[in-house]
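Every number here is computed from the coordinates shown, using simple stated rules; none is lab data. As the structure is a computational prediction, the values presented were derived from the model and not from experiment. Note that each Cβ is placed from the backbone with ideal geometry, even for glycine, and that neighbours are counted across all protein chains shown.
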Amino acid sequence: MKQVKLMQGNEACVEGALYAGCRFYAGYPITPSTEIAEGCAVRMPQVGGRFIQMEDEIASCAAAIGASAAGTKSMTATSGPGFSLKQENLGYACLTEVPFVLVDVQRAGPSTGLPTSPSQGDMMQAKWGTHGDHPIIAIAPSTVEECYKLCVRCFNLSEKYRTPVLFMMDEIVGHLRESVELPEDGELEVIDRAAPADPKNAGPAYACPNGELVPVMAPFGQGQRYNITGLIHTDDGFPTNSNDIADSQVRRLIRKIEENRDDIITYEEKDLEDADTCIVCYGGTARSVYSAVETLRAEGKKVGIFRPITVWPFPEKELEAISGKVKRIVVAEHNDGQILLEVQRVVKDNCKVDFIGKINGTVITPDEIVAKVKEA
Amino acid sequence: MSKMEIRLAGTGGQGLITGTIILAEAGIFENKFVAQSQSYGPEARGGMCKGEVIISDEKIGFTKVTKPTFVMALSQLSFEKYCYGLSDECFVLVDETIEVPADYQRKNFLKLPILATAREKVGKMQTVNIVSIGAINEILKLSSFENVKKAVLLHIPKGTEELNLKALEEGAKLLTK
């Protein structure tokens, strides 16, 4: 029989990271993500990994990227204002194509806001917080078990596409404790980044021949000579001002995510078969929605749920298909309407789009969602 | 279906969040679905604090307590904030030091010397949460005494086992004597 354990979301995230093979954590503790740093401080040394508390969030993000460039799967976690500080180096990892997982346990902002209260106010920052055109992968868990399993998936996507992945938790799931069925060794897929068999005789590190989208490069310092820079670079990693290279390089970064949407995007559809109303939600908000839909269904209301698990890239075609079948979509999120914008962009005039959001630091209750759905 | 929504409220430092974690752990030993959460302020201790746990036979959607079936208050402020507007069936447990207005009438209401038991009988104020767990489990019959014991031992500092098990027993005795 599988082992069932009472775990906190933050704790499950740490265990998921270890399962995925993460062996380096650098961070600067901040509520409500602190238990991830605390957990890594205890667990990393037990499995031969390293934990380091840096002087701030900027440095800890840089340390995680550095460790990963050298070949060790790495993670950093933060909340609130810490996520703003991580943005600079997030872009650096996008362009240098260094995989790592950045966890944001969202809390109410702006600024230091309400440190112990839930929010999903960083969703657009996740997409555009670091400057310049770049793609991003962001995943949002709704249960403690998902904090574990989806953290493994974050690492897998990061390794496969050599790109940073954002694990967009929130205070609701981060500080929630519930039971987790621990996966056994080998049960979940674990992907390691591809590397050349003979680094010394491998070609330029960033070269992507034959229309490939992800470079196959050796960990830094293991025989293949290349440079790492946040400037637009040639195939061996040295800076260039070539407009052609700038164009092809950034377009390739975007294409490596865009052209693999079907592999990257996962979502949950529930009770949609006969639904005339669909509630769109993600992360901790889904817990309120599950209970609300149970109540509404018991009253005979035909309501279903669409929950993007991968929030970025946004599951456009999946939602578009739903919007052609239902009369109304209600977006529920703990912000003033961020993913709402994405839903409106995708749905256009296919059906009515309504919104329920909260920014006062409290959780949207099932009753509030029920009332919203019942509004004509 | 049985679903219990439990809220423990008091002052930061009383260990009530740990208390709800222990109840959740004991619930898992009884093969129940559990969801435990908390709210507290940025201060380390002294602020108002509440821990919540839902223990259910079925999978849990919304994870916060909305219709409490049991509330315990260990401070005057938390009594005033959390012990009103409850359903008729909800069980309210308060410490004997709480000033309860004469017109506060409930079907299921109990005043117990929880703080005094921790301070005097167990001899350590920090065990107030474990004394509470002992009493609560006797009232609600959430879990076997053995499973509660096991859960307590998982969530206390090493070297305090004897003290905390005594606290658990003294808490239970408040109901059985």
ask   = Is there a simple number for the mean count of other chain Cβ atoms within 10 Å of the Cβ of residues in A:169-177, and what is it?
value = 4
remark   = Using the Kirkwood formula on alpha carbons, the hydrodynamic radius of the stretch A:231-294 in angstrom works out to 15.8 Å
Euclidean distance of C-alpha centroids, the stretch A:264-305 and the stretch B:18-80, integer Å = 26 Å
query = Modelled label-to-label distance, B:Glu120 and B:Lys177, 7 Å Cα→beta-carbon offset: nm?
reply = 0.9 nm
Mean Cα-pair separation over length for chain B, i.e. relative contact order, pairs under 8 Å, 6 or more apart, % = 22 percent
request  = Pop a pseudo-label 7 angstrom from the Cα along the beta-carbon direction at both A:Asn201 and B:Lys67 and give the gap in nm to one decimal.
outcome  = 7.3 nm
Lysines whose Cα lies under 16 Å from that of A:Lys86, excluding same-chain neighbours fewer than 8 positions away = A:Lys127
ask   = Given the stretch A:267-374, what percent of its DSSP beta bridges are antiparallel, to the nearest 5?
value = 20 percent
ask   = Picking from A:Ile339, A:Ile364, A:Ile232, which is most flexible by a Gaussian network model of chain A using Cα springs under 10 Å?
value = A:Ile232
ask   = Which value, to two decimals, describes the C-alpha radius of gyration of the stretch A:266-376 once divided by 2.2 N^0.38 Å?
value = 0.95
query = For A:Gly223, what is the net charge nearby, where nearby means another residue's Cβ is under 9 Å from its Cβ and Lys, Arg count +1, Asp, Glu -1?
reply = +1
request  = List, in the order given, every pair from A:Lys256/A:Lys317; A:Lys301/A:Lys352; A:Lys317/B:Lys64; A:Lys73/A:Lys270; B:Lys124/B:Lys149 whose Cα-Cα distance in the structure shown is over 29 Å.
outcome  = A:Lys317/B:Lys64; A:Lys73/A:Lys270
ask   = Plugging the Kirkwood radius over Cα pairs into Stokes-Einstein for chain B, at a temperature of 10 °C and a viscosity of 1.306 mPa s, what D comes out in µm²/s?
value = 99 µm²/s
remark   = What the 5 Å binned alpha carbon P(r) of the stretch A:78-154 shows, as percent of pairs per bin from 0, is 3, 14, 25, 23, 20, 12, 3
inquiry  = Which of B:Leu112, B:Leu16, B:Leu93 ends up with the largest GNM mean-square fluctuation for chain B, with Cα atoms connected below 10 Å?
reply    = B:Leu112
ask   = What net charge do the residues around A:Val105 carry, taking every other residue with its C-beta under 11 Å from that of A:Val105, with Lys and Arg at +1 and Asp and Glu at -1?
value = -4
ask   = Which of rounded, prolate, oblate describes the stretch A:3-75, given a ≥ b ≥ c as roots of the alpha-carbon gyration tensor eigenvalues and a/c under 1.5 marking rounded, otherwise prolate only if a/b is larger than b/c?
value = oblate
remark   = Rounded to two decimals, the Rg over Rh value of the protein assembly as shown from Cα coordinates and the Kirkwood Rh reads 1.01
query = Between A:Phe355, A:Phe83, A:Phe24, which gets the highest mean-square fluctuation from a Gaussian network model of chain A, Cα cutoff 10 Å?
reply = A:Phe355
query = Given labels modelled 7 Å from the Cα in the Cβ direction, how far is it in nm from A:Lys325 to A:Thr234?
reply = 5.3 nm
Karplus-derived HN-Hα couplings along the stretch A:253-259 (A = 6.51, B = -1.76, C = 1.60, θ = phi - 60°), whole Hz, x at Gly and Pro = 4, 5, 5, 5, 8, 4, 7
request  = Name the residues whose placed amide hydrogens come within less than 5 Å of the amide hydrogen of A:Ile137, ignoring near sequence neighbours (fewer than 5 apart) on the same chain.
outcome  = A:Leu166
query = Near A:Thr266, within a Cβ-to-Cβ distance under 15 Å, what is the net charge of the other residues, with Lys and Arg +1 and Asp and Glu -1?
reply = -2
ask   = Using the beta-carbon distance between A:Lys352 and A:Glu273 and R0 = 22 Å, what value does 1/(1 + (r/R0)^6) give for FRET efficiency, to the nearest 0.05?
value = 0.65
